[in-house]
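Asks: Here it is, the structure, as structure tokens.
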């Protein structure tokens, strides 16, 4: 079973890469930044942060302006976040 803390760190790094990629539209980069901030908020349980992040990036995953490489990264991010237990 993957280590939830390590998975969370990887997801934060993935979001940072999305945020810094200038080929991705600004609105998507903004959501990536908001989601990264959400994941770094240690006042909430890790599972709750992961669930909120999944919900937030799911909204933008169907954006028609999103490049294919960014969509693939988002799907990979969601897959990793889904491994974090809710308890």
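Asks: List pairs: first residue in segment 54-75 and over 16 Å from residue 38 (Cα atoms), second residue modelled with pLDDT under 90 and in a helix (DSSP H, G or I) anywhere in the structure, Cβ distance under 9 angstrom, at least six positions apart or on different chains.
Replies: Short answer, once both residue conditions are applied: 66/60.
Asks: Moving to a separate point now. Can you tell me which residue is nearest to residue 87 (Cα to Cα) among those in segment 2-44 that are in a loop (DSSP other than H, G, I, E, B) and free of Cβ contacts under 8 Å to residues at least 12 places away in the same chain?
Replies: 44
Asks: Given the criteria without any contact (Cβ under 8 Å) to a residue 12 or more places away in the chain and either closer than 13 Å to residue 18 by Cβ or surrounded by 11 or more Cβ atoms within 10 Å (Cβ to Cβ) (or both), does residue 83 qualify? It would help to see each step written out before you state the result.
Replies: Numbers: without any contact (Cβ under 8 Å) to a residue 12 or more places away in the chain: no; either closer than 13 Å to residue 18 by Cβ or surrounded by 11 or more Cβ atoms within 10 Å (Cβ to Cβ) (or both): yes.
Against the criterion (without any contact (Cβ under 8 Å) to a residue 12 or more places away in the chain and either closer than 13 Å to residue 18 by Cβ or surrounded by 11 or more Cβ atoms within 10 Å (Cβ to Cβ) (or both)), residue 83 does not qualify.
Asks: While we're on this one: Regarding residue 70, is this residue outside any loop (DSSP other than H, G, I, E, B), surrounded by 15 or more Cβ atoms within 10 Å (Cβ to Cβ), over 10 Å from the mean Cα position of the chain (by Cα) and at negative phi? Steps first, please.
Replies: Working: outside any loop (DSSP other than H, G, I, E, B): yes; surrounded by 15 or more Cβ atoms within 10 Å (Cβ to Cβ): yes; over 10 Å from the mean Cα position of the chain (by Cα): yes; at negative phi: yes.
Against the criterion (outside any loop (DSSP other than H, G, I, E, B), surrounded by 15 or more Cβ atoms within 10 Å (Cβ to Cβ), over 10 Å from the mean Cα position of the chain (by Cα) and at negative phi), residue 70 qualifies.
The values are calculated or read from the model by the stated rules, or taken from the named source; none is laboratory data. Computed from a prediction, not measured in an experiment: that's the story for all the values here. Cβ: placed from backbone, ideal geometry, glycine included. Neighbour counts: every protein chain shown.
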